[in-house]
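The next block holds one structure in the form of structure tokens; read it before the comments.
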Amino acid sequence: MAAPETSTAAVQTLYTNNTLRNAFGGVLSFFILLLIGVMAFSIRLFSVIKYESVIHEFDPYFNYRVTQFLAKNGIYEFWNWFDDRTWYPLGRVIGGTVYPGLTLTAGTIWWLLNSLNIPLSVETVCVFTAPIFSAFASWATYLLTKEVKGTGAGLTAAALLAMVPSYISRSVAGSYDNEAVAIFALIFTFYLYIKTLNTGTLFYATLNSIAYFYMVCSWGGYTFIINLIPMHVLLCIVTGRFSSRLYIAYAPLVVLGTLLAALVPVVGFNAVMTSEHFASFLVFIIIHVVAFVYYIKGILSPKMFKVAVTLVVSVGLAVCCAVIAVLIALVASSPTKGWSGRSLSLLDPTYASKYIPIIASVSEHQPPTWPSYFMDINVLAFLVPAGIIVSLKACFLPLSDASSFVVLYIATSVYFSGVMVRLMLVLAPAACITSGIALSQAFDVFTGSIKFQLTGASSNTEVDAAETSSSTAESQTDAVKTEKPEETAKNRPSRKSKKKEREHGEKPSTKAKAEKKRLLALPLESSVISLLLLVLLGAFYVVHCVWAAAEAYSAPSIVLTSHSHDGLHVFDDFREAYAWLRHNTDVDDKVASWWDYGYQTTAMANRTVIVDNNTWNNTHIATVGTAMSSPERAAWEIFHSLDVKYVLVVFGGLVGYPSDDINKFLWMVRIGGGVFPHIKEPDYLRDGQYRIDSQATPTMLNCLMYKLSYYRFVETDGKGFDRVRQTEIGKKYFKLTHFEEAFTTHHWMVRIYKLKPPKNRIRGKTKKSKSKTSSTTSSPKRSGTKKKNPWQ
Amino acid sequence: MGRTSSTKEDAGALFHSLRSAYAATPVNLKIIDLYVGFAIFTALIQVVYMAMVGSFPFNSFLSGVLSCVGTAVLAVCLRIQVNKENKEFKDLPPERAFADFVLCNLVLHLVIMNFLG
């Protein structure tokens, strides 16, 4: 609490008033935070209410499977887990290639609940991990914004973050993915960094490194932190704002953070070997040089310091040049300049489409469109510039390392979100923080001027009091929640000593400020109207967020629904197909499909797959792509050499499901052709157009993907009308020679084919059908086709 | 000729003033300085050893050097905080600073023991 050191009685009474208000405000903000947490949790439950409590999409199934393994076998088995049920015949070292943060978190929660005799299944815990952590994330946002701007801005930012659609899209119940916990870790790391910067204690620096460790465990996006913080440190140094607090915030973080990051198996020595981390080491050296210079400056007289500078600069420059030259030589000696492909595709947006089609093929790696900005951050897009201006205005006052950090954060994240739609997620917290600052500042100004207008007629001391209270209660805008301006002007108990000092510093000039404020105060009517408009804006945002959470982002993508005039249709074909595989095939059978469905097949059907969503081996994926784009016989050979028993294709032509394999087919051709040059993309295109009707090329009409998708399709309606491509298919009546249909789901969305066994060799018949037998006999004769088939 | 002699003089004067300025620092800060110097010296020895023998158990090398660097950095942080002349940390008692220092060191060395391999 603000200890009254001043002597005037008026201020004394004011402060006793304020202590009461502080206590009340503390309780109020605690309850508001609690409600924000509940809201963040419950807005994400639409998917459970509208559908059911299932894991969504693709990657979450893998995480779910890993968590199941962890819960069953324990942590040591988990680190050593070699998974032989995926990437057949290569297998995958799961323990060393997975970011373990999410699975360890959920596994710990499950273990904790079970030891408390609360018997939840692993799946339930996994489904609700993301909503729980989004509540944590909004609290972390509150803490971060409070450090930057004050309690009111913090509450507003937390409320905004709790329902920002961009974050909801990644953290609805069931979306059990790394980002779910990583965003919390990201914000919390930033909070602790700012906290260390503001207080300068080693305690928070330690906590900061541990939070950074959690972030490294959770998501590959930790490189954003380890590059953003050095950038901020550099910015502070360049703008002449170096302080010993900056040193304490940064130097221990680099040493401890590097060591902790190296502990995570998937990062390992990359923490000191790759260019993503070099920026932090460079700044680490720079900050030591700068700290030393400041120290020398402190103990020497100015004249002597000048002498020292002239002496040191000449020597120092030479040394610096040498060090930098060595560093550049080291970095340049590695082929990719030490950067991983994913980072390079961030720095150079055209990189992925040129060199790595497998990264470019994922829709969430595409650059976003303008509507998606509006969809994902909505009115925040308009509030962000205002927030930046408010923060920048604060930059010119003292104590604003924190606001410069927020401005830097939003500038970089806007760039990254422009490169990759998936990184909109990193932008969302920054947008929420700046918008929170802007909104709360606006509320502050308006409520302040209303208050001023109402009390303007009273005596001078009262004016002073009103001014002090409104200036100390800077930006107390829980008005979004309570909509009672009188209650918003409460002082918060959690004032930092520095802020106290600033308030004391401001006191003598309060009179002058009151004069100034009188000019700044807006007329009563206009401020009331503006307040109403702001509330309206907030309400619009809330309505949009609820709509986005309920309609746009809650579909689990393994269960689809459609509304038509005769009611609601549920398409549960995926689970039907996986259940069929689980119950009707042998445990060790291998199932081939495009890599999108690999995780789901291993998790739901428990069958071995050839490729999955962890796209670590491009050649292997290209082999499957080649098989899908080859004619039937060549495809059979490739699959047979991979020991495949069943082939699974997803087909949406009957019900109009647009993201099926025929629509992804060009990517299969591209990725396959990248490794096996006899697959050429132009062979599948008629005049540059991708079509499957009677105008399609013969290569297209004879490839395996076409045949498996449209086999017997004409029997459904007699014409073979594809409802996704809106056209009649080109080749309607054909037979399969090397595959047989094993299972087709209710809506034909998943079709499973079985490879026919190789034919017995028939003596004396070789002359007549030489080409046929050469392909269908067993391995010694297949050497003729070796070029097309890498798995022999 | 005159220029070099003036540079020499300047250097001498600089050296003297540096020494006299440093002599004024309290003893406890000098002890911390010694500690920092020792840690950096140990790190340098390890780097030289690595350059001669090779960095084969890379995690051992890394943890050795980083433990020295980390110790030095933490000691510098402690020195900044307990320095009476530093106005930024007037309200931070030295006991609290030392407790933070110990905690941070504990974490650092726990991690290093884990990483040593």
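Every number here is computed from the coordinates shown, using simple stated rules; none is lab data. Keep in mind that what you see is a predicted model, and the values were worked out from it rather than measured. Cβ: placed from backbone, ideal geometry, glycine included. Neighbour counts: every protein chain shown.
For A:THR19 and A:ARG241, a Förster radius of 30 Å and the Cβ-Cβ distance give a FRET efficiency of 0.30, rounded to the nearest 0.05. Here is how the number arises for chain B: DSSP H runs of 4 or more residues each give -39500 (n - 2.57), the sum is divided by the residue count, and the result at 222 nm is -29500 deg cm²/dmol. Remark: chain B carries a charge dipole of roughly 200 debye about the Cα centre, counting +1 on each Lys and Arg Cβ and -1 on each Asp and Glu Cβ.
The A:VAL528 and A:LYS759 beta-carbon pair, evaluated with R₀ = 60 Å, returns a calculated FRET efficiency of approximately 0.10.
Suppose the Debye formula is applied to equal point scatterers at every Cα of segment B:26-116; what is log10 I(q)/I(0) at q = 0.25 Å⁻¹? Taking Cα atoms of segment B:26-116 as identical point scatterers yields -1.21. Beta bridges from DSSP with both residues in segment A:569-755: antiparallel share about 80 percent, rounded to the nearest 5.
Taking Cα atoms only, the orientation of helix B:58-82 departs from the longest principal axis of chain B by about 50 degrees.
Against chain B, whose longest principal axis is taken from its Cα atoms, helix B:27-53 shows a tilt of about 60°. When you have a sec, figure out the Kirkwood radius of segment A:569-755 from all distinct Cα pair distances and drop it here in Å to one decimal? Taking the inverse mean of 1/r over all distinct Cα pairs, segment A:569-755 comes out at 16.4 Å.
Cβ crowding within 10 Å ranks A:ILE729, A:ILE210, A:ILE328 as A:ILE328, A:ILE210, A:ILE729, fewest other Cβ atoms first. The mean count of C-beta atoms from other chains within 10 Å of the C-beta of residues in B:77-90, rounded to a whole number, is 4.
Phi angles of segment A:131-142 translate, via the Karplus equation with coefficients 6.51, -1.76, 1.60 and θ = phi - 60°, into HN-Hα couplings of x, 4, 6, 6, 5, 4, 5, 5, 5, 4, 5, 4 Hz per residue; Gly and Pro are given as x. Beyond 21 Å in Cα-Cα separation lie the following of the pairs A:LYS664/A:LYS759; A:LYS149/B:LYS84; A:LYS680/A:LYS759; A:LYS645/A:LYS731; A:LYS146/B:LYS90; A:LYS645/A:LYS759: A:LYS664/A:LYS759; A:LYS149/B:LYS84; A:LYS680/A:LYS759; A:LYS645/A:LYS731; A:LYS146/B:LYS90. A Förster radius of 41 Å combined with the Cβ-Cβ distance from A:ASP687 to A:THR619 puts the calculated FRET efficiency at roughly 0.85. For segment A:613-630, putting each phi into the Karplus relation 6.51 cos²θ - 1.76 cosθ + 1.60 with θ = phi - 60° gives couplings of 5, 7, 7, 7, 10, 5, 5, 5, 5, 4, 4, 5, x, 4, 4, 5, 9, 8 Hz, in residue order, rounded to whole numbers and with x for Gly and Pro. Of the residues B:TYR35, B:TYR49, the one with the fewest other Cβ atoms within 10 Å heads the list, and the complete ranking is B:TYR49, B:TYR35. If the chain linking A:ASP566 and A:VAL313 were pulled fully straight, counting 0.36 nm for each residue of separation and taking away their Cα-Cα distance, it would gain 82.9 nm. Coordinate range of the alpha-carbon atoms in segment A:139-196 per principal axis, descending: 34, 22, 13 Å.
Under 18 Å from the 7 Å Cα→Cβ point of A:THR737, by amide nitrogen: which residues of segment A:631-646? From segment A:631-646, the list is A:631-641. Starting from the Cα of A:TRP370, step 7 Å toward the Cβ, then list every residue of segment A:548-570 with an amide N under 15 Å from that point. It comes to no residues whatsoever. Fewest-first ordering of A:CYS703, A:CYS432 by other beta carbons within 10 Å of each residue's beta carbon gives A:CYS703, A:CYS432.
Per-residue shielding of A:193-205, expressed as the average number of other chain Cβ atoms within 10 Å of the residue Cβ, stands at 4. Positive-end ranking of A:TYR578, A:CYS703, A:PHE739 along the dipole of segment A:569-755, with charges on Cβ about the Cα centre, is headed by A:CYS703. If the chain linking A:GLU715 and A:HIS583 were pulled fully straight, counting 0.36 nm for each residue of separation and taking away their Cα-Cα distance, it would gain 44.8 nm. Once C-alpha pairs closer than 8 Å and six or more residues apart are averaged by separation and normalised to the residue number of segment A:569-755, the relative contact order reads 25 percent.
For the pair A:THR97 and A:ASP84 in one chain, pulling the backbone fully straight at 0.36 nm per residue adds 3.3 nm over the alpha carbon distance. Compared with the dominant Cα axis of chain B, that is its longest principal axis, helix B:94-116 is turned about 50°.
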